[in-house]
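What follows is a short report on a single structure.
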């Protein structure tokens with residue numbers, strides 16, 4: 001009886017091993033489709049290569065819309081001559097998670113450039129050197145016509161599926177971008193906020209397959225902050241580095257929460273930051289046009305940009321809204337979008353608020369023709385950094401950017 005039981009047990013074990021062997025052979029020979037697996041040029045799987053908390057999922061080879069997802073599974077990829085498309089809404093929001101934890105800019109540079117960092121730094125140094133005028137330590141103001149700069153910057157360097165140009169300018173190489181977008185950030189004394197914004201913004205813009213450049217306009221003196229003036233200067237300097245289809249003015253403390261919040265140049269002027277965390281994710285009033293807003297190059301020219309006379313916080317964004325309304329432009333807000341995390345910052349003191357903001361705003365139409373980009377005067381120290389172009393300005397109060405006394 002014992003012999004029969006042992007014999008049956010051996011047969012069961014042998015049969016089980018045979019079944020396992022057949023199953024393993026099937027796994028090796030049967031092709032598997034991973035519906036959400038996407039890789040970049042080096043063939044690395046996103047989920048295997050980056051920790052969950054990383055702000056930079058791998059840049060993908062294929063920009064897929066909801067109608068072309070099956071093409072991506074079949075390895076059909078756009079060519080440099082084909083217009084870039086975007087991911088489906090599902091893919092965009094799956095690939096992007098807002099991250100507002102503290103980080104320094106050097107760490108972001110390491111994450112973005114990786115092994116190519118030293119090559120990017122060398123390229124940056126060469127292009128920066130070409131901007132210097134002979135026998136002077138000041139940058140030439142004629143970047144567009146500076147043949148040495150144009151020649152040095154022409155090639156760029158390939159990083160993933162983007163071509164990198166010095167000063168934080170990026171262009172897709174695997175497809176033809178639909179829009180060229182300048183991002184202008186008015187700045188003073190918020191380096192930690194700048195780092196957090198760059199981490200999220202760089203990731204989002206690449207997911208949207210846009211050609212973009214990031215320009216940080218800093219007021220370097222101790223006068224009260226003039227945001228409208230810094231935005232105008234940032235925009236004017238950006239035009240020396242590219243023919244941008246539109247500009248997006250971006251407050252440094254507003255961080256986009258969804259990658260479906262489109263940063264392209266469609267339907268402009270556009271109010272992107274409709275529902276900010278600091279306002280309880282509610283639209284404070286129908287005419288709100290602040291935080292993050294976009295205009296085309298033509299709209300900037302016709303509206304004359306921002307007013308230069310708002311020294312202190314408040315009303316310069318309402319002034320711009322009134323200008324575009326006066327020109328009969330319709331301001332757009334994307335349905336279901338416009339949600340932003342707000343980084344914590346100190347509440348403005350009374351001395352930081354523009355004292356005559358309401359009076360200035362009431363009479364915007366009187367100044368519109370001369371108060372803006374067509375009469376902006378400044379000297380800027382422009383520095384090309386790895387992730388952005390830094391525009392440092394020590395602008396003083398002068399006749400062209402002040403109103404002696406606003407009268408109602």
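Computed from the coordinates by the stated procedures, all read-outs in this text should not be read as laboratory data. Computed from a prediction, not measured in an experiment: that's the story for all the values here. Quick reminder, even Gly has a Cβ in these numbers, built from the backbone with ideal geometry, and neighbours come from all protein chains shown.
Rounded to whole Å and ordered largest first, report the semi-axes of the equivalent ellipsoid of region 161-259 derived from its Cα gyration tensor (root of 5λ).
Rounded to whole Å, the semi-axes are 24, 16, 11.
Using Cβ counts within 10 Å as a stand-in for footprinting exposure, how do 323, 154 rank, fewest first?
154, 323
Got a sec? How would 321, 89 order by Cβ neighbour count within 10 Å, fewest to most?
89, 321
With only alpha-carbon atoms counted, please give the Rg and Dmax of region 104-401, in Å.
Calculated on Cα positions, Rg and Dmax stand at 18.6, 55 Å.
Could you tell me the center-to-center distance, by alpha carbons, between region 245-262 and region 94-109 in angstrom?
Rounded to whole Å, the Cα centres lie 15 Å apart.
Give me 279, 295 ranked fewest to most by other Cβ atoms within 10 Å of their Cβ, as a rough exposure proxy.
The order, fewest Cβ neighbours first, is 279, 295.
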